[in-house]
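The values are calculated or read from the model by the stated rules, or taken from the named source; none is laboratory data. For clarity, every value in this text was computed on a predicted model and none was experimentally measured. Cβ: placed from backbone, ideal geometry, glycine included. Neighbour counts: every protein chain shown. We work out accessible area using only protein heavy atoms, side chains counted, and drop any ligands, DNA or RNA first. Shrake-Rupley method; radii C 1.70, N 1.55, O 1.52, S 1.80 Å.
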Amino acid sequence: PTPGYEVSRAKIAEFAAALGDGDNPAYAGDTPIAPPTFAAVLSSAAWGALFDDPELGLALHRTVHGDQRFSWARPLRAGDVITATLRIDGVRVRQAMAIVNISVQLATVGGEDVCTASSTLLHTAEAA
């Protein structure tokens, strides 16, 4: 898992503003929740392990993010401290293209499941 990341009111407000939804009351006040796509920030932190593993031979510059889905147990809230754990769910190889399905489990440091972010990555092989 990644180190714990504290979801703060400031980061929620910044992210909501970047989405053009900064006026949404759900993302403000004393007990804001994070926009659903905020999970991408946390899950992408776990991708480093995928691209840093020399045995896998994956390179970010040869990867296209083809699909993204989120399955929620509850919203992310200000004050949550979240870890992200990546799992490779499947790999299919079609000539020079690998289709890599991954999921990242977001959970509180106390072990409460919050969200699963599932992605499909398209990776091309290095030129021979």
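Packing here is the average count of other Cβ atoms within 10 Å per residue, and on that basis the peptides 12-18, 58-64, 98-104, highest first, run 98-104, 12-18, 58-64. The helix-only estimate of mean residue ellipticity at 222 nm for the chain, built from DSSP H runs of length n ≥ 4 each weighted as -39500 (n - 2.57), is -4500 deg cm²/dmol after division by the residue total. Karplus-derived 3J(HN,Hα) values for segment 70-82, using 6.51 cos²θ - 1.76 cosθ + 1.60 with θ = phi - 60°, are 10, 10, 9, 8, 6, x, 6, 10, 4, x, 4, 10, 10 Hz; glycine and proline are entered as x. Close amide-amide hydrogen proximity is noted between Ala28 and Ile33, each under 5 Å apart and 5 or more residues distant or on a separate chain (H modeled in the peptide plane; Pro and chain starts excluded).
Between the residues Gln68, Phe38, Ala13, the greatest Cα displacement towards the positive end of the dipole of the chain, with unit charges on the Cβ of Lys, Arg, Asp and Glu, is found for Gln68. Between 0 and 90 degrees, rounded to the nearest ten: what's the tilt of helix 9-18 against the longest Cα principal axis of the chain? Once rounded, the angle reads 60 degrees. Derived scalar couplings between HN and Hα for segment 58-64 equal 8, 10, 4, 5, 10, 10, 10 Hz in order, rounded to whole Hz, by the Karplus curve 6.51 cos²θ - 1.76 cosθ + 1.60 (θ = phi - 60°), x for Gly and Pro. Of the options (i) 23, 18, 15; (ii) 31, 15, 12; (iii) 21, 18, 15, only one is semi-axes √(5λ) of the Cα gyration tensor in Å as computed from these coordinates, and that is (ii). Near the amide H of Ser8, within less than 5 Å, lie the amide hydrogens of Gly79, all on another chain or at least 5 residues away, with H placed in the peptide plane. 3J(HN,Hα) along segment 24-30, derived from phi through the Karplus expression 6.51 cos²θ - 1.76 cosθ + 1.60 where θ = phi - 60°, amounts to 5, x, 5, 9, 9, x, 7 Hz, with x in place of Gly and Pro.
The residues of the chain expose on average 57 square angstrom of accessible surface per residue, using a 1.4 Å probe on protein heavy atoms.
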